[in-house]
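FYI, it's all coordinate maths here, none of it is from the lab. Worth saying up front: this structure is predicted, and the values here are computed from it rather than measured. A quick note on method: Cβ atoms are made from the backbone with ideal geometry, for glycine too, and the neighbour counts reach across all protein chains shown.
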Amino acid sequence: MALVDFNKVRQLFGESPQTADSDLFRELFVLVLSRATDADAYTHPAEIATVQSVIKEELGTDLSDSEVRTAALSKIYETTPLQKCLVNAAPKLNMEQRRAILRGLVAVMHADDSISSREAEFFNMVVSALGLSAADAAGLIVA
């Protein structure tokens, strides 16, 4: 199963298991980070490279430039907005998985040394859709 097929994400809107799912986390991680490269009007090459690096570090998987770009423009967005996908997936992810997605997203957003208002809106949408707090978004771990 290819990581960019998003089979687990597609299952969110059909029959799917109700337990935490590492494959779902992996697919969402790739989806969110890849989509972040397309959050503003320009996909900077540094963003693609950062997505690849963060995915390699977190998931141990190598993705090509074309796989990142394909994931960013996946046809899944035609049937299900990313926000809806994340809202449905959030209960199936543990808190550490949600925070990992957020940490990866922050790394991608800082890749080109500037954050546009559209990127900030994308970030806020992801935080909200994953059910995370402002403390989570700031990187604070509340015990």
Taking 101, 141 and counting other C-beta atoms within 10 Å, the order from fewest to most: 141, 101
Sequence of 42, 77 once ranked by neighbouring C-beta atoms within 10 Å, starting from the fewest: 42, 77
Extension gain, residue 23 back to residue 110 (0.36 nm per residue minus Cα-Cα distance, nm): 28.7 nm
For 47, 57, 78, order by how many other beta-carbon atoms lie within 10 Å, fewest first: 78, 57, 47
Full-extension gain in nm, residue 96 to residue 56, via 0.36 nm per residue minus C-alpha separation: 12.6 nm
Percentage of interatomic Cα-Cα distances in the stretch 3-137 larger than 23 Å: 25
